[in-house]
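Here is the structure we will look at.
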Amino acid sequence: MTEIQETPGTPTMQELLRDSPKNWGKWGPYDEVGSLNYLTVEEARRGAAEIRSGKSFTLAIPIGNPGGDPIWPGRKTAVRTNVMDRGNFLCGTGPSFNGDLEYADDVITMYLQGTSQYDALGHMWYGEKIYNGYAAETTIGSLKKASIFPIAERGIVGRGILVDMARFRGKPALERGETFSYEDLMAAASAQGVTIQKRDILLIRTGWIGSYYKTEETEFYRDFLEPGLTYSPQLVEWFRDMEIPNLVTDTIGNEVTRDPVSGVDLPLHNALMRNLGIAFSEIIALDKLADDCSSDGQWTFLYTAAPMKIVGGSGAPVNPVVIK
């Protein structure tokens with residue numbers, strides 16, 4: 001992740017979150033999937049009960065888009081390269097098979113979090129401890145604890161609910177650095193006529209990722225400051241009390257990049273993911289789903305996701321599937 005210039009007088013994460021609640025040890029000393037433990041078979045059935053029309057939506061963005069991919073500043077976009085195609089056979093370098101078959105083959109080089117993805121619970125930390133109290137040294141070389149692999153092995157299935165903050169504010173996308181609070185989130189859900197229930201998978205649309213494809217890249221990244229949720233103790237307590245297993249947004253960082261009150265960068269990654277074990281999914285395409293939800297008035301659905309099984313990974317690409 002690229003460095004963001006520090007503001008003098010900003011509290012440390014340790015100071016900001018000194019009294020923030022933790023779920024460490026709640027599911028035992030060896031747990032690595034955190035609040036996803038809330039997604040029992042009963043929660044899968046509750047999600048399935050939301051299926052009415054059978055319409056399905058995939059929520060991943062394209063990888064290797066000709067115009068570029070929205071990624072965290074400092075990361076590089078994916079590079080896909082053909083290593084075998086018709087050209088090899090035209091020049092006689094392609095392998096020979098009985099029956100004269102030919103084929104194409106390619107490779108891709110990319111950041112595991114350089115597209116629609118899930119964070120591992122050990123992706124970010126402070127105070128030398130990652131999720132569940134594991135030592136930060138367990139991340140050296142690869143994540144030996146709280147990597148993406150246990151999450152990928154488990155999979156994510158439950159009742160999803162979409163809250164459309166951009167539509168609530170009457171605009172196609174929130175603006176650079178535009179924030180919304182716990183109160184705003186509740187007001188937007190109320191305006192949609194929906195109630196966020198305990199153990200819901202919470203999807204929040206800002207329109208930000210969709211705006212990338214309509215904006216000059218230099219303008220999109222200028223003075224990089226994404227819109228998003230702002231930290232407050234009340235918000236963190238609400239996530240804990242509601243047993244929210246998973247936060248899904250159409251931004252790169254799932255929260256406003258720099259908290260406007262404390263000046264701390266990405267405090268929710270630590271208050272929610274590191275401390276409560278809530279799974280974070282970012283760079284998710286929500287515009288088409290939101291348009292459909294607005295059209296038929298159904299904002300709840302079965303949400304399913306299966307990140308790639310990367311051993312030791314700090315995150316992994318994903319293509320969530322929603323069924324309404």
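The values are calculated or read from the model by the stated rules, or taken from the named source; none is laboratory data. Treat the numbers as computed from the prediction; the structure is a model and nothing was measured. When we count neighbours, we look across all protein chains shown, and the Cβ atoms used for this are built from the backbone with ideal geometry, even at glycine. With ligands, DNA and RNA removed, areas are computed over all heavy atoms of the protein, side chains included. Shrake-Rupley method; radii C 1.70, N 1.55, O 1.52, S 1.80 Å.
How much of the accessible area of the chain, in percent, comes from carbon and sulfur atoms when a 1.4 Å probe is used?
The value for the chain is 51 percent carbon and sulfur by accessible area.
At most 14 other Cβ atoms within 10 Å and a DSSP loop assignment: could you name the trypsin sites (Lys or Arg not before Pro) in region 217-264 that fit?
222
What are the extents of the Cα atoms of region 123-210 along their three principal axes, in Å, largest first?
For region 123-210, the Cα spread along each principal axis is 46, 30, 24 Å.
What is the percent of Cα-Cα separations in the chain that go past 25 Å?
Tail of the P(r) past 25 Å holds 52 percent of the pairs.
Before rounding to the nearest 500, sum -39500 (n - 2.57) across all DSSP H runs of length at least 4 in the chain and divide by the residue total; then give [θ] at 222 nm in deg cm²/dmol.
Value at 222 nm, helices only, nearest 500: -5000 deg cm²/dmol.
Between residue 298 and residue 18, what's the calculated FRET efficiency when r is the beta-carbon distance and R0 is 41 Å? Round to 0.05.
It comes out at approximately 0.50.
Quote the relative contact order of the chain in percent (integer), defining contacts as alpha-carbon pairs under 8 Å separated by 6+ residues.
Reported relative contact order: 30 percent.
How long, wide and thick is region 25-146, going by the Cα atoms along their three principal axes, in whole angstroms, largest first?
Each principal axis gives a Cα extent; for region 25-146 these are 61, 46, 35 Å.
Longest segment of the chain with no GluC sites (Glu not before Pro) in a DSSP loop having at most 15 other Cβ atoms within 10 Å?
In short, 217-324.
How would 22, 309, 324 line up by accessible area, probe 1.4 Å, largest first?
Most to least solvent-accessible, the answer reads 309, 22, 324.
If all Cα-Cα distances of region 185-232 are sorted into 5 Å bins from 0 onward, what percent lands in each bin, rounded to whole numbers?
4, 15, 20, 19, 15, 12, 10, 4, 0
Starting at 0 and stepping by 10 Å, how many percent of the alpha carbon pairs of region 165-324 end up in each bin?
10, 40, 39, 11, 0
In whole angstrom, note down how far apart the Cα centers of region 88-121 and region 187-265 are.
35
Be a star and scan region 99-141 for residues whose amide nitrogen sits under 12 Å from the point 7 Å along the Cα-to-Cβ vector of residue 84.
Residues 101-107 qualify, since their backbone N sits under 12 Å from the label point.
Take the alpha carbon atoms of region 1-89, find their radius of gyration, then divide it by 2.2 N^0.38 Å using N residues; give the quotient.
Region 1-89 yields a ratio of 1.85.
Can you tell me the length gained on complete extension of the stretch residue 53 to residue 138, counting 0.36 nm per residue apart and subtracting the Cα distance?
Using 0.36 nm per residue and subtracting the Cα-Cα distance, I get 26.0 nm.
Which length gain, in nm to one decimal place, applies between residue 100 and residue 217 when the Cα-Cα distance is subtracted from 0.36 nm times their residue separation?
Using 0.36 nm per residue and subtracting the Cα-Cα distance, I get 37.6 nm.
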